[in-house]
Amino acid sequence: MLREETVFGPIASRRLGSSLGINLLPTKGKLCNFDCIYCECGWNRDGRGDTRLPSAAEVREALEAKLRECAASGTPIDSITFSGDGEPTLNPEFAQIVRDTVALRDRYYPKAKVSVLSNATRVAVPAVFEALRLVDNPILKLDAPTAELAARINKPVGKYDPEEIIAALMRFEGDFVLQTMFLRCRDFDSSSPEVLGPWMDIVRRLHPREIMVYTIARPAPMEGLEKFSAEQMRTLVAPLIEEGYNIQIKA
Ligand code: SF4
């Protein structure tokens, strides 16, 4: 499902409540440096060829108009959320857009959180890291503990080394939300010993303030993906819950 607008919603989010979305990617196509087998935007190759990214000025104008409209109509907003048709940090003006968004949030909805859903591939870029430090909820994905396993579930475009991502995530000193997809298919099984144990070891190294474990909820581009129930996921992450980690489980 592709977002046709730069600012959309608010929509009811399983994780974030009433969420006003910001799509920093093309409005008629997907742009991502992953090509996840479960991506609700479809495969990268099925994009519609639209590569134009909104500028910081366009996002600021669209966001302010929407916030003004929502405030006038009394529409609640719990989160202003960067999500959309791909990886938001690929927008070259991401840092400026985050700064503008925080300022507009402070003016119109000071109690709302600013959230960024990112695949974490660009957290080592200084401007991206600094921007992510400004938001309330940097929600950063790590589905697979090794490059070989990531190739099966995330299909990165170009080089991807989870150890480099982990080193960059360490700089958050735990002040971020780790997001992990749990699914099972021919090529990948989140519950298998080769995935689950090493993933838990990464969690222990990163010590995120919150972990969001979720499963497929919408049509996926790859066929044959199996979801997990909330009970199954709770059982899988039980050792971490016992160790005191704050884990949200969304089926
Ligand atoms: S990182 Fe997100 S947008 Fe990119 S392919 Fe994966 S699910 Fe889709």
_On a full-extension model of 0.36 nm per residue, what is the gain between ARG218 and GLU58, subtracting their alpha-carbon distance, rounded to one decimal in nm?_
54.6 nm
*Cα pair distances in the chain, grouped into 10 Å bins until the bin that holds the longest one, percent each*: 7, 31, 38, 20, 4, 0
*With label points built 7 Å along Cα→Cβ from the Cα atoms of ARG209 and LYS28, find their separation and express it in nm.*
4.1
_Assuming a strict under-20 Å limit between Cα atoms, what lysine pair count do you get for the chain once near-sequence pairs (fewer than 8 apart, same chain) are dropped?_
13
_Length gained when the stretch ALA124-ASP187 is fully extended (0.36 nm per residue, less Cα-Cα span)_ = 19.8 nm
*Peptides 110-121, 79-90, 4-15: what's the order by average Cβ count within 10 Å, highest mean first?*
79-90, 110-121, 4-15
*Cys with no candidate disulfide partner in the chain (beta-carbon separation under 4.7 Å rule)*: CYS32, CYS41, CYS70, CYS185
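Bear in mind that the values in this text are calculations on the coordinates, not laboratory data. Just so it is clear, the model here is predicted, and its values are computed rather than measured. Cβ sites come from the backbone with ideal geometry, for glycine too, and all protein chains shown count toward neighbours.
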